[in-house]
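Asker: After the structure tokens below, expect a handful of questions from me.
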Amino acid sequence: MDMKKYLADLEKLVNIDCGSNVPEGVQEVTEFFKKELENDWLLKVYPQNDGKNPVLVAKNRDSEDIDLMFLGHNDTVFPKGTVPAWSYKLEGNIATGAGVYDMKSGVLSMIEVAKEFKDEDITIALVMNTDEEISSRYSRPVIEEVGKNAKYAMVFEPARKNGNAVIERKGLVKYKVEFFGKSSHAGNYPQEGINAILEASRWVTEISKLHNWDIKNSLNVGLIEGGSGVNIVPDYACIKFEGRSHQVEFFETIRKTMEELKANPLVEGIKVELEEIGYRPPLVLNDKSATLRDLFDESKAEMGIKYDWEVAGGCSDGNFLGVLGVGVVDAVGPVGGEAHSKNEYLDISTIEERIDLAKAVVRKMIDRKII
């Protein structure tokens, strides 16, 4: 492979402000990959979220039946203005910068792998979205539409800092709950007020009881707001929380708990509005995923690469595919660490190794007529 070009492309991409909520940035990255693929691939851009979060789908031939699907995302978690103060830097084997590890390197790697097999008698689909870091709220229908007819998928999210890949992931649900009360003077007319914060506090207490780490079910209230002064009965409050589990039943328990709380408020006259703002089903090992995992194990043993498989608490777009019966392996990109922080880094010495490993697996899949 042309490592010089790879690193030049990586620098260019990392130096684009392309957080999920930076439309001009994610559009620029999407255009970059369109130009990279337009001569040899069939391309379609889905203008999700009114064009603010486009999804690029590339296929090597015109078919709805997909033998192998590659997934990657072109957005980062970082806000607009991050890059000028924190641009790409390479020192020795360590590259740093916004999204260098999560996951510009992974997208470049998956394209490098896909190009190797574009002329084979299989159908390959590349899906690159720009809202993964906000739970793929807009791209999920596209991923599921392509994935419903897919046999296998590799998700090129980065490998763990210890080199491990991922075979299963927890599912996730996120909610926004708003409370509408009535303001009044807290000294003179407290009885006329309807305290939104009081009701929100009850919700925080009750739903937090669902957190049970003994069975690896987590629930975290991460944001809360409300009120405008200590002498005013607050007429508005809002909480945002997430639940994570390997069991879909946990998400149903959360929903039922919220319905009960809404139907039986502590504060008389309060109005409550619920909004699901993110969902990913659990990624659970199936027979096809096991087949793909075993091929990776066989290939890495032959190549002298050592790493293990992890069950992750974090989610990826692979979660959407597992529930469709697709065989999925995840985190097959290069090694690095400290994603979502200013300490994010990529070990460039692992780039070619992980690309070659993925290529070896695809070659086995073709030769053994798995695809």
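The values are calculated or read from the model by the stated rules, or taken from the named source; none is laboratory data. Since the structure is predicted, the reported quantities are computational estimates derived from the model, not experimental observations. Methodologically, a virtual Cβ is constructed for each residue, glycine included, from the backbone with ideal geometry; neighbour enumeration extends over all protein chains shown.
Asker: Of all residues in the stretch 309-339, how many are in a loop (DSSP other than H, G, I, E, B) and either under 27 Å from A98 (Cα atoms) or free of Cβ contacts under 8 Å to residues at least 12 places away in the same chain (or both)?
Answerer: The number of residues fulfilling the criteria is 11.
Asker: Still on this structure, I have one more. Name every residue in the stretch 41-68 that is in a loop (DSSP other than H, G, I, E, B) and under 23 Å from E31 (Cβ atoms), in order of residue number.
Answerer: Within the stretch 41-68, W41, P47, Q48, N49, D50, G51, K52, N53, P54, N60, D62 qualify.
Asker: Checking K262 against (1) surrounded by 14 or more Cβ atoms within 10 Å (Cβ to Cβ); (2) under 27 Å from E144 (Cβ atoms); (3) out of contact with any Gly (no Cβ under 8 Å at 6 or more places or on another chain), only one condition comes out false. Which one?
Answerer: (2) is the only condition that K262 fails.
Asker: Please find, among D62, D40, D50, the residue that is surrounded by fewer than 16 Cβ atoms within 10 Å (Cβ to Cβ), over 28 Å from V362 (Cα atoms), of a type in the set (D, E) and in the same structural domain as D119 (by TED's automatic domain parsing). Give the steps one after another, and end with the answer.
Answerer: Working: D62 fails: over 28 Å from V362 (Cα atoms); D40 fails: over 28 Å from V362 (Cα atoms).
Answer to the check: D50.
Asker: Scanning the stretch 272-311 for residues that are more than 30 Å from K176 (Cβ to Cβ) and of a type in the set (G, A, S), which turns out nearest to the chain's Cα centre (by Cα)?
Answerer: My answer is S289.
Asker: Within the stretch 313-342, work out how many residues are acidic (D, E) and either buried (at least 18 other Cβ atoms within 10 Å of the Cβ) or farther than 30 Å from N93 by Cα (or both).
Answerer: 2
Asker: Something else now. Given the criteria surrounded by fewer than 18 Cβ atoms within 10 Å (Cβ to Cβ), touching a Leu at 6+ places or on another chain (Cβ under 8 Å) and either over 30 Å from E36 (Cβ atoms) or outside the structural domain of F70 (by TED's automatic domain parsing) (or both), does K148 qualify?
Answerer: no
Asker: Separate question: For the stretch 162-234, please list each of the strands (runs of 3 or more DSSP E) lying entirely inside it that holds at least 2 residues being free of Cβ contacts under 8 Å to residues at least 24 places away in the same chain.
Answerer: 218-226
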